[in-house]
């Protein structure tokens with residue numbers, strides 16, 4: 001079984017304490033690596049449908065992570081992309097070859113564009129971006145209105161929970177506006193002399 005992948009089943013093999021720690025955390029166990037609850041190797045057998053779902057989940061996670069533009073996140077994003085590429089490579093040899101291609105520019109495996117557009121994770125990703133946009137717009141505008149009403153110094157002293165409680169009416173008003181009109185009536189008024 002080279003690379004931990006069999007043709008009829010997809011199998012993960014990983015030697016290292018992080019697998020045991022992850023599994024122990026998921027099960028609520030505290031396992032020491034020496035004499036702990038878990039063996040140092042993990043095998044995961046997936047059906048064809050489970051493999052397809054895993055490919056979509058990993059691709060969704062990598063796409064969402066790629067939006068993190070902080071310099072401190074670059075190593076973690078690279079880890080997501082490396083793992084995605086590794087899983088996609090194995091999936092391509094395990095029955096999903098028509099889904100997967102190798103991108104010469106990035107030197108990584110990826111889901112083919114024409115396939116991606118038909119997959120559930122693409123719908124999830126688009127919906128996530130859309131809902132995040134409207135939610136953040138309503139929350140940020142409501143926060144701005146609250147800060148203007150009580151002063152920035154007082155606003156800074158509020159916890160996130162206190163801000164959400166005090167901005168609920170503003171957020172509701174913005175949600176109603178955006179639901180009816182989208183961004184059609186959103187304008188930026190530039191102060192005189194600034195543009």
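Among the residues of region 121-151, those identified as at pLDDT 95 or above and either under 30 Å from residue 90 (Cβ atoms) or more than 22 Å from the chain's Cα centre (by Cα) (or both) are 141, 142, 143, 144, 145, 146, 147, 148, 149, 150, 151. Can you confirm whether region 113-123 contains a residue that is in contact (Cβ under 8 Å) with a residue 60 or more places away in the chain and not in a helix (DSSP H, G or I)? Within region 113-123, one or more residues are in contact (Cβ under 8 Å) with a residue 60 or more places away in the chain and not in a helix (DSSP H, G or I). Only residues that are assigned to a helix (DSSP H, G or I) and either in contact with a helix residue (DSSP H, G or I) (Cβ under 7 Å, 6 or more places away or on another chain) or surrounded by 13 or more Cβ atoms within 10 Å (Cβ to Cβ) (or both) were counted across region 45-73, and they come to 18.
The values are calculated or read from the model by the stated rules, or taken from the named source; none is laboratory data. On a predicted model such as this, the values are computed, not experimentally measured, just so you know. So basically every Cβ, Gly included, is an ideal-geometry build from the backbone, and we count neighbours across all protein chains shown.
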